[in-house]
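Where a number appears in this text, it was derived from the coordinates with a stated rule and is not lab data. Treat the numbers as computed from the prediction; the structure is a model and nothing was measured. Positions of Cβ are generated from backbone atoms using ideal geometry, with glycine treated the same way; all protein chains shown enter the neighbour counts.
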Amino acid sequence: LWGRGDVSISGMVLRRGVGFCLTLTILAIGCSSQFERGVAFHNAGQYQAAIASYQAAIREEPGNEAAYRDLGLALNAVRQYTAASQAFGAALRLDPGDYLAHYSLGISLHYAGQYYAALQEFAYALRLNPGLYGAHYEIGELCAHIYQYQCAIAEFTIFQQRVPQIPEQRNSILRAGYQVRSLSAELALLQARHQAEVEAEEQGRIAADHLQ
């Protein structure tokens, strides 16, 4: 699974379908509940309308864990990461085992600059669902942000090896901002940086030995 907002990989999506509930401009046709309206708007890319419907669904049914989680996804899609984190937190209080909520909370925290908290959420998500391969990529990216190059290389490599797509597809990854980056090129860059660190440490050790 790969996801930021609605994006998914490995044939899984972060939102459920709602039968024949459809959207036409500002109308949601055939929806039997506010939650279904929210999902219909969400599927149509009408995120603000989806957010309003999810919030209405939560007012009607405060125990609707899926409404909190999907609200968080819609908020992530419009880059309201603090509010999204709060929605995912509410979802996880209702269902601590929702690995998609942990994963998506990791996305929110990542973009809010809370890297270590995001790492923890991705790790929780992987413990709950080891097949959540996108979490390996996210962990790799976070490790690169905090200059833990060995960690980044290991996680990117796991992602590259395990995503069940043909190599030509899995080696080009749609990133935030719709920018395609080559994972192989990124791995090569990280390996070069890690090697430079190793060499610098070795040179420092040699210099220290000469001074003794």
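A few comments on the model shown:
- Cut-off 10 Å between beta-carbons: net charge of the residues surrounding Ala144, Lys and Arg +1, Asp and Glu -1: -2
- Distance between the pseudo-spin-label points of Tyr147 and Ala123 (7 Å out from Cα toward the beta carbon): 2.1 nm.
- Cβ-based net charge around Phe156, under 9 Å, with every Lys or Arg adding one and every Asp or Glu removing one: -3
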